[in-house]
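Here is the structure we will look at, set down as structure tokens.
The values are calculated or read from the model by the stated rules, or taken from the named source; none is laboratory data. Just so it is clear, the model here is predicted, and its values are computed rather than measured. Because the Cβ atoms are built from the backbone with ideal geometry, glycine has one as well, and the counts that use them run over all protein chains shown.
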Amino acid sequence: MSFMRGNLLQKARLLMRGGIVDTPKWLDALSKVPPQPKARRCPKARRIELAEDPLVESYYARHPEAKLQAYRLQGFDPPVARRFAWRQLELMQQGMAKRQARDAVEAEFVRTEQEEEERAVQEWRRAIREGRQPPAARVSAVEAVQEEERAHMLAGLEALGAQMEAVAAEAEVEARAERGSVGR
């Protein structure tokens, strides 16, 4: 029956009309509740648009270097552009115009960055005055990954050097043994 088009109900009716099959017992039940037509295509999922997305795009347009900043995918801190857009949206909901909110948030972010830098310098100076080890300089995520890779590379090179020394020592022992057997 797979060569015929249509659903089971249509196939059964065609076979009955052609006199090939007697009326099946289930035909009345199936005709009361016919099968649903198969869906041809699933509708395409709509793109999820958040309220801050246009603001994030405009931030990236003004600060293209922000796209290159690394951030932790597993971390809880969102990217700078997203935080910027959230704050701008918050000010816009309080009644500020879009440009005014953008300028205000930009000033807040610059001020916060300067305060953090100043706090770090003060902590550095305080540690030096007190004779303590100064705090480590802030490194970017890329520099942290590079430092970790460097440590692994050095460990691998040390292991390779030890392995080469062992092979050289083994070759020397074999050479001595060979010289000893030749002399006898």
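With respect to the conditions (1) over 28 Å from GLN93 (Cα atoms); (2) at pLDDT 80 or above, ASP53 lacks only one, and its number is (1). Is it true that ARG102 is without any contact (Cβ under 8 Å) to a residue 40 or more places away in the chain and either among the basic types (Lys, Arg) or in contact with an Asp or Glu (Cβ under 8 Å, 6 or more places away or on another chain) (or both)? In short, no. The residues of the range 44-82 that are basic (Lys, Arg) and surrounded by 16 or more Cβ atoms within 10 Å (Cβ to Cβ) amount to a single one, ARG82. When each of ALA127, ALA81, ALA101 is tested for being closer than 18 Å to SER140 by Cα, among the aliphatic types (A, V, I, L, M) and in a helix (DSSP H, G or I), the lone residue that passes is ALA81. Taking the conditions exactly as written (modelled with pLDDT under 90, within 30 Å of ALA81 (Cα to Cα) and either over 52 Å from the mean Cα position of the chain (by Cα) or not assigned by TED's automatic domain parsing to the domain that holds ALA85 (or both)), does LYS25 satisfy them or not? Here the answer is no, as LYS25 does not meet what is asked.
Exactly one residue among VAL145, VAL167 is in a helix (DSSP H, G or I), at pLDDT below 90 and among the hydrophobic types (A, V, I, L, M, F, W, C), and that residue is VAL145.
Give me the residue from the range 83-101 that is under 26 Å from the mean Cα position of the chain (by Cα) and of a type outside the set (A, V, I, L, M, F, W, C) and, out of that set, surrounded by the most Cβ atoms within 10 Å (Cβ to Cβ). Among those that are under 26 Å from the mean Cα position of the chain (by Cα) and of a type outside the set (A, V, I, L, M, F, W, C), it is GLN88.
Quick one: would you say ARG179 is of a type in the set (D, E, K, R), touching a Phe, Trp or Tyr at 6+ places or on another chain (Cβ under 9 Å) and either surrounded by 12 or more Cβ atoms within 10 Å (Cβ to Cβ) or not assigned by TED's automatic domain parsing to the domain that holds HIS63 (or both)? Considered against the rule, which asks whether it is of a type in the set (D, E, K, R), touching a Phe, Trp or Tyr at 6+ places or on another chain (Cβ under 9 Å) and either surrounded by 12 or more Cβ atoms within 10 Å (Cβ to Cβ) or not assigned by TED's automatic domain parsing to the domain that holds HIS63 (or both), ARG179 comes out as no.
For ALA104, indicate whether it is within 30 Å of LEU50 (Cβ to Cβ), of a type in the set (Gly, Ala, Ser) and surrounded by 10 or more Cβ atoms within 10 Å (Cβ to Cβ).
The answer is yes for ALA104.
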